Structure formats: structure tokens, C-alpha cells
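What follows is one structure encoded as C-alpha cells, with my remarks underneath.
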Amino acid sequence: MLEIKKASRTWRGPAGPVKALSEAELRAEPGDFAIVRGPSGSGKTTLLLLAGGLLAPDEGEILWDGKNPYALPPGERAALRARTVGFVFQQFHLVPYLTVEENVLAPTLAAPLPDGRKRAARLLDRFGLAGRARHRPGELSTGEKQRAALARALLLEPPLLLADEPTGNLDQESALAILEAFEDYTRSGGTILLVTHDPALAPRKGREFLLREGRLREVSSREKEPGPSSREVPRTPR
Amino acid sequence: MSPWRLVFGEILFRKLNFLLSVFAVAAAAAVLAGAVTSMRRFDAATQAILARKEAETKARVKALRDEIRARVARLNDEMRRIMKKMGFNILILPEGQDLTDYYSKGYAAKLMPESYVEKLSKARIMTIRHLMPILERRVSWPEQGGRTVFLVGTRGEVPQAWRKNKKTPIVNRIPEGKIVLGYQLWKGLRLKPGDKVTFMGRTYTIDKCMEERGSKDDITLWLPLGEAQSLLGLRGEINAILALECSCAWAQVGKVRAEVAKVLPGTRVKEFRSKALARAEARNKAAAEGARMVEQARREMRAALAQEKAARARMKQSMDDFASILVPLVLLASTLWTALLAFDNVRRRRGEIGILRAIGCSSGRIASLFLARAVLVGIAGALAGYAAGVGGALQFSLGPACGPGFLQGFLFLGILLGAPLLSALAGLAPAALAARTDPALVLREE
């Protein structure tokens, strides 16, 4: 379970401090698919980094199953993050000189996993990358790259998955596949916090939040505008 | 997955950066290995050159000594041959003189009339020449604390009136009132020709100071015969007649003895200080001259050797001075260059650092990845640099092919440990930078 309690964060920019997040509140239970929408520069990535234990809030707190990661020493926080959080980024962040299989296995550098290879093979098979296991990221399509990144995020079976514009660089078919994988993950009890600027990206079942100028609020079902089905996720021009 | 997979994978992926780093470390290792090997090789060459020259010197001195020995031997032979023709000296002693007593005292105790020499000079014995009557006694010199000296009275040569071809006297007579002193006497008393000296109550002028002979002559005083007879109270008496340069071979001495016996019955004839002595003196002189030549040659060669040694030492010093500047400079440049490349590597891998931190890698793990890479750079640089430096030094250094080989235990070990250490030191700051890279900043920027 993820809890964000009155979390604020200010960035120090060349033109002075910029309030990226202001007293954000969010609670996501296991099985929740929380989607945060907002325009560019609204503080989405800041919210995600805060939730992922990578950026301490100036005020407020972050809790993973009731535990504040920022109260831990850096080493312990890193170890807890490895077991608790999986990341999926728009830019994939695959290590270019490792094979797809090795990229998927990368989390074992932080948290050893005895059956890591088997799990990696299962994930690669599940995401249609079995034939690409020995390939390097440069030899993959963007969809394959994102699926490889997703497989990496899921290797240690973390209870929380954080995704930053995961479909931003994908075609419709690939985006759909990623979205389906996310839904599978939530069905198995995982929690997802996904940030996007794309109004069309919508899971079939999930909670929606809006982030504008650092302020986060949950969108009620009445506010939700009718849009295209999640099965028809259109590729939004960026 | 092992972290080494990441380290080796990255090295293969960014070969140029790795190779440039290895090159920098290898350059430092090569300069160090090359300098040390060249120095060692130079030292070995110096030792070999000096040893060879010393052996040559010894051989030349030995050859010179052998040659001089051979020359002295030849000189001996030649002198023996020459002296066969030169004749010899004989000594005629009084009747009844015991030779053992003569040898032990150094003079004849018995006496014979001085007129014997006149008889002999008129006797027409062809083989006898240069007759010299002698009166010799061992006496105390009262004016010099009673020190023992030999007193020899001589009147010079007695001419053989019957000979048509008069020979030039080979011994001059001592003038009246004069005295001749042996080496130890004038030397000890610090006297010189012309000085006055008192002997047994009478004062004489020194006529001559004799050279050192290494015999009893050195403590002998020579006076005119009459003066000696007067001092000793032996008027008209002598105790030996010396016949110098007798013209016959020693094998004919029996004939001489018989002829003398006819004229002076009962007298004894013996050879006296002739060719053996002369030959020995000549040999000694030649040997001494030879030894002097050998010593001089040895000194000259030693001086040449010392000069060579000094020249080599100066060259070594120059090399040391050059290396003491070059090696630290190259080490410094290599460290800086390696550090710059490591910083570049960290800069290029910011995204990778960000995601590794995001998936839970600690900052220590991130730093260890960069340090491990730096150590590998050091090891590869050490191996390449050692091979290049030592190989180059062995191939191109001047001097004889001697001294250290390719594998020099301590040098190899030193470079194999030192280069990774140096590389790790150079990579320390970049590794710290990587460890301190804020993943949030990186992921937000990218």
C-alpha cells in the first residue's frame, strides 16, 4: 500500500524556487491502478520520484505499507526500494551493453534472487521477448524495449509499480499490451501509480487524479469525461 | 547477475574510453619499467665492461711481467756468456788461513808480508792482473762510542812492470790523509766528502762516500795501506792480495793456484766476488726495473679503469636525473588523463547510474562498479606497459647484451600492484561522483 501524506517539494531553479508539489495526498491500496494526469511541468515526475523513495519531500511523508522509506539510512532505503518498488519510464532506461535477459535480471544486483534466471525467462516469455533474450536494447523496437523495462520492473515482484509516461513513445498496439500487463499486475494484487499527460490513456478500472501546478486531487467518477475505451488507447502526439 | 558482468560489458561497449585509459596507465608503467630496466641494464653493462677491462688489465700486466721475466732470463744468459769472457777476481790469503774462520770473520786473521805482492807482480804469471794488497781488520771506533767497523788498508793496484800493454788501473789508490767511508757510516754520521773525521785518534778528510752495497762494505772505512798498518801496529803486513779481472775461466783456477804456489808457497787462492755476484746484481737491477715497469703499467691501467668507472658513473647519474624528472611527470600526466577519462565515463553513464539507483543499487555498489573498472584499467595498463617498457628497454638500450631479462620479479610485481592502485586513485573522485549522483535529478532530466 502506498500513502502520500501532505507531501510538498520545491525545486531550486535558476530563476528561484519552483514549487513542484504542494501538500499532495494519495492513498493506493493493493490492486489499485492510480493514474495521475497533468500537463507537462505539473509535477508528475516529482510525485513519482517522491513515491519511489528517490526524492525526499520537503514536507509531508511517504509510506510503503506504513513504513516511511525516508526515515531509513540510504543503504537500507535502497534495499527496501529494490524489494518494494518497480519503475517503468518513458525512456525505458535499459542498460545498452547488457542483453535483454541481463537487463531484466539487473534488479538482482541490489537484491539477489536464487531463481532469477527462471523468473526472467518466464517474464520474457510472457511479454513475447523470449526470442530476444540475447539481443541488446539497441536491436529492439520501442515496444519491445518498454516490455523489457516492464519485465525488469516486475522481476522481484514488487508490491508497488511506478510508471512515468510508459506508453508515451509507443504505438497503439504496444501501448495496449503494456496497459494490459499493468491490469494483470493489479489483478494479482499489485499497486500501480502511473503518471501521464495523455488524457486518452485510461485503464478500464482505476482511480484517476489530476495534478495541476503541484496540486493533486482525485477525479470523481462524475467528473470523468467519456473517452475512448482503454482498448483503443490512441497514440497521442507529443 | 554478477556486478562483473556490468563492468566487463561496459568495457566492451565503450572500448575507446577503456583503451585510452589503458594507454595512459600503460604509458606510465612503460616509462617506469623502461627506466628501471635501462638502469639495471646499464649497471650490468658497466659491471661487465669494468670486469672485462679489469681482466684485460690483469692479462696485460701478467703478459708484461712474463715478458720481463723472459727478458731478465735472457739477460742472465747473455751476461753469463759475456762474463765467461770477462774473467774473474781471485783472492790470495796467507799461509795456514782457515777458510771457515775467514768466512765467519769476514777477513783473514793470518798475515803475510806486504812484499808478497811485489813478488807476484814480477812473477810473469799471465793470468793474473790488477794486484791489490789489503790489510783488513774488525776494530772499534773509539770516537764513535766504540762501534764496530771494518778497517781496510789498501794502496791501490801494484803495477806489473813486465807487461808491455799497461792496463788502466780499475781501482784508484786512496790519497794520504784521506779516508773513504761505507754507506752506513757516512749516512749515520751525516758526513759528506770533504768533511773531517777522527778515527782512532787521527783526523782524516773524507775522500769519498760509498753507495749502499748491502754487505759489510757498508760499515767499512778505507785508508791508505801504510796508514792502516800504522794504526793497527802491523807494519809491512797484509792479510790478502786481491787480483781483479784475471783473464782465465774459473775452470782453470787450479792452474792459477799452482802458478801462485810456485811464487808464494803456502798461500791459498779462492774466487772472490766475481761473476756470480755481478750477475746477481745485474739480475736484481733488471728485475727491479722490470717490476717498476710492471707497476707503472698496472698504475696506468688502474687509472684508465678508474676513469672508465667515473665516466660510467657520470652517465648513470645523468640517466638517474633524467628519469627522476620524467617518471613522476609521466605518472602525474597519466593519473590526470585517467581521471579525466573516468569523469567522462561517469558523465556518459548518468542514465545508467540513475536506473541502477532506482532499482535499489546502493551508492557503494555504484562506486564499486567504477572502481573495479579502474582496477581493470590498471591491470591491463600494467601488463601492456610492463611488456612495452621492458621489451623496449631490452631491444633498444645501448651496451652489451647482459643484465636483467624480460621477467623481473619485483619490478613486475611492483607495477602489477602499483598501476591498479594508481588507476584506482585516479578513479576515486569519479567513483565518488558516480556514487553521489542523485538518481532523482538524472531521471527527472532524462
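The values are calculated or read from the model by the stated rules, or taken from the named source; none is laboratory data. All figures in this text were calculated on a predicted structure; none of them were measured in a lab. Using ideal geometry, Cβ is built from the backbone for each residue, glycine included, and neighbour counts are taken over all protein chains shown.
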### Query
Has segment A:2-23 got at least one residue that is in a loop (DSSP other than H, G, I, E, B) and at pLDDT 90 or above?
no
### Any chance A:Arg12 is without any contact (Cβ under 8 Å) to a residue 40 or more places away in the chain, within 9 Å of chain B (Cβ to nearest Cβ) and closer than 30 Å to A:Leu210 by Cβ
no
### Query
If we keep just the residues of segment B:293-332 that are over 28 Å from B:Lys58 (Cα atoms) and touching a residue at least 60 places away in the same chain (Cβ under 8 Å), which is surrounded by the fewest Cβ atoms within 10 Å (Cβ to Cβ)?
B:Asp320
### Task
Please enumerate the residues belonging to segment A:126-136 that are over 17 Å from B:Ser2 (Cα atoms) and away from every other protein chain (no Cβ under 11 Å).
A:Arg126, A:Phe127, A:Gly128, A:Leu129, A:Ala130, A:Gly131, A:Arg132, A:Ala133, A:His135
### Query
Within segment A:68-102, how many residues turn out to be among the hydrophobic types (A, V, I, L, M, F, W, C) and more than 19 Å from A:Leu113 (Cα to Cα)?
7
### Task
Within segment A:184-218, track down each residue that is more than 23 Å from A:Gly60 (Cβ to Cβ) and of a type in the set (D, E, K, R).
A:Asp184, A:Arg187, A:Asp198, A:Arg204, A:Lys205
### Task
Scan segment B:361-390 for residues that are out of contact with any Gly (no Cβ under 9 Å at 6 or more places or on another chain) and more than 18 Å from B:Leu417 (Cβ to Cβ) and report the count.
6
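Using the structure shown, decide if B:Asp344 is surrounded by fewer than 17 Cβ atoms within 10 Å (Cβ to Cβ) and either touching a Phe, Trp or Tyr at 6+ places or on another chain (Cβ under 7 Å) or modelled with pLDDT of 90 or more (or both). Full working, then the answer.
On the way: surrounded by fewer than 17 Cβ atoms within 10 Å (Cβ to Cβ): yes; either touching a Phe, Trp or Tyr at 6+ places or on another chain (Cβ under 7 Å) or modelled with pLDDT of 90 or more (or both): yes.
The answer is yes for B:Asp344.
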### Task
Can you tell me which residue within segment A:112-127, out of those that are in contact (Cβ under 8 Å) with a residue 24 or more places away in the chain and of a type in the set (Gly, Ala, Ser), is surrounded by the most Cβ atoms within 10 Å (Cβ to Cβ)?
A:Ala120
### Task
Look at B:Gly405 and say whether it is closer than 30 Å to A:Gly43 by Cα and outside any helix (DSSP H, G or I).
no
### Task
Count, please, the residues in segment B:327-382 that happen to be within 14 Å of chain A (Cβ to nearest Cβ) and of a type in the set (Gly, Ala, Ser).
10
### Query
Just to be sure, is A:Leu54 hydrophobic (A, V, I, L, M, F, W, C), surrounded by fewer than 20 Cβ atoms within 10 Å (Cβ to Cβ) and either out of contact with any Leu (no Cβ under 7 Å at 6 or more places or on another chain) or farther than 13 Å from A:Leu193 by Cα (or both)?
no
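Yes/no matrix, rows are residues, columns are (1) within 25 Å of B:Thr220 (Cβ to Cβ); (2) at pLDDT below 90:
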| site | (1), (2) |
| --- | --- |
| B:Leu111 | yes, no |
| B:Val117 | yes, yes |
| B:Thr127 | no, yes |
| B:Met132 | yes, yes |
| B:Val139 | yes, no |
### Message
Which residue is nearest to the other protein chains (Cβ to nearest Cβ), if the candidates are limited to segment B:407-440 and must be under 27 Å from A:Trp11 (Cα atoms) and of a type in the set (Gly, Ala, Ser)?
### Response
B:Ala440
### Query
Out of curiosity, is B:Val375 in a helix (DSSP H, G or I), out of contact with any strand residue (DSSP E or B) (no Cβ under 8 Å at 6 or more places or on another chain), in contact (Cβ under 8 Å) with a residue 24 or more places away in the chain and over 30 Å from B:Phe8 (Cβ atoms)?
no
### Summary
In segment A:141-187, residues that are buried (at least 20 other Cβ atoms within 10 Å of the Cβ), within 14 Å of chain B (Cβ to nearest Cβ) and under 19 Å from A:Leu94 (Cα atoms) total 18
